[in-house]
Amino acid sequence: NDLLVGKSFLTLKNHSEEEIHYLIDLAAELKAMKKKRIPHRYLEGQNIALLFEKPSTRTRCAFTVACVDLGAHPEYLGKQDVQFGKKESTRDTAIVLGRMFDGIGFRGFKQSVVETLAEYAGVPVWNGLTDEFHPTQVLADFLTIKEQKGRLKGVNLVYVGDGRNNVATSLLVGAAKVGMNFRICSPKELFPSEEMVAYAQKLAEESKSDIVISDNIDETVKGADAIYTDVWVSMGEEDKFKERIELLLPYQVNRKMIEKTGNEQVMFLHCLPSFHDLETEIGRKVYEEYGIKEMEVTDEVFQSKHSFVFDQAENRLHTIKAVMAATNHRQ
Ligand code: CP
Ligand code: NVA
């Protein structure tokens, strides 16, 4: 299938419902092949650059392992190691990388950088998170939901927390494209931009998805098939702990919130990493300064039968592999 050959993957905006389903189903096939140890070296002999400005566990490892499984060589280019950003422009970097590599995975701050890379590289560019979007994450989340529920259309997904961040925004676009019912439950200060909501509402008319943005917890979480949350402070906004804790403490995903859904089988989802214990440096700092041991989710919910967070994490591998194979496989 050459639906996506030669295309970049930058936001979900440019991809149709058909393309999103194609990527999720391809990921499921690749996952089954990997479990059965059936080789799938669709990118044999290719070289892939991984240009990362921000840290990463899942995304970096998913790109790396996916490259090796597909027969390609991954080259990790951390910001400190390359000229990009200090001595060389994004455009020039894009042209140089495009002359040597067959594809580029990018993680960083500005969405405009990943767009510029795609404009000038001449090879597919994949967005592994920017301040605005995290589209490969959504594919893994949707695969995880489809594995449990058998479908996406009509599933009630509720995102609780920072409604403006990259993950919330990408889920909004993705859900509106595939006809999932999607609610963002967050304080008014953290509602997604009106422009994004209007964009999603328009898509939703076609896909028959029901989009709700609300600060009312009881009403919004009721009837959820899945509750999704993300960190209250994203990478690059580390000066915002105080204000976010004040705003978001009522929106913590805890047992009470799970009960409010009225659904015994409700799934709990999180893109990870997550602040739910004191084992991390940031966790301890937050405890010392603000006296709270758990932030966006309690350890109890995180570790409960509701939680599918490690399926999501694993599915990052299979979905990123699908994106690379679909956009770069030369038949
Ligand atoms: N979910 C996610 O993107 O995790 P990393 O920051 O570890 O890549
Ligand atoms: N919103 C988070 C997602 C991390 C995967 C961040 O940008 O830090």
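A short reminder: the numbers here are calculations on the coordinates, not readings from a lab. Small disclaimer: the values here were computed from a predicted structure and weren't measured. Here Cβ is always computed from backbone atoms with ideal geometry, including for glycine, and neighbour counts include all displayed protein chains.
Below are the figures for this structure:
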read-out: For the range 1-124, diffusion coefficient by Stokes-Einstein and Kirkwood Rh (Cα), 20 °C, 1.002 mPa s, µm²/s; value: 138 µm²/s
read-out: Tensor-based shape of the range 118-271 (alpha-carbon gyration tensor, a/c under 1.5 rounded, otherwise prolate or oblate); value: oblate
read-out: Listed residues ILE20, ILE38, ILE104, most fluctuating in the chain (Gaussian network, C-alpha, under 10 Å); value: ILE38
read-out: Cα gyration tensor, the chain - rounded (a/c under 1.5), prolate or oblate; value: prolate
read-out: Beta bridge orientation in the range 18-129: antiparallel %, DSSP, nearest 5; value: 0 percent
read-out: Distance between the range 162-178 and the range 286-329 - C-alpha centres, whole angstrom; value: 16 Å
read-out: Gap separating the Cα centres of the range 239-255 and the range 19-70, nearest whole Å; value: 34 Å
read-out: Karplus (6.51, -1.76, 1.60) ³J(HN,Hα), θ = phi - 60°, over the range 191-196, in Hz, Gly and Pro reported as x; value: 5, x, 4, 4, 5, 5
read-out: Extension gain from GLU288 to GLU237, taking 0.36 nm per residue of separation minus the Cα-Cα distance; value: 16.4 nm
read-out: Residues MET196, MET33, MET257 arranged by fewest to most Cβ contacts within 10 Å; value: MET33, MET196, MET257
read-out: Net lengthening on full extension, GLU44/ASP277 (0.36 nm per residue, minus Cα-Cα); value: 79.7 nm
read-out: Test item: Cα-centred dipole of the range 37-77, Lys/Arg +1 and Asp/Glu -1 on Cβ, debye; value: 180 debye
read-out: Computed lengthening from PHE109 to LYS256, 0.36 nm per intervening residue step minus Cα-Cα distance; value: 49.4 nm
read-out: Global form of the range 185-271, assessed from the alpha-carbon gyration tensor, a/c cut-off 1.5; value: oblate
read-out: Kirkwood hydrodynamic radius (C-alpha pairs) into Stokes-Einstein, the range 268-331, 4 °C and 1.567 mPa s, D in µm²/s; value: 94 µm²/s
read-out: Where labels lie 7 Å past Cα in the beta-carbon direction, separation of GLU88 and ASN14 in nm; value: 2.2 nm
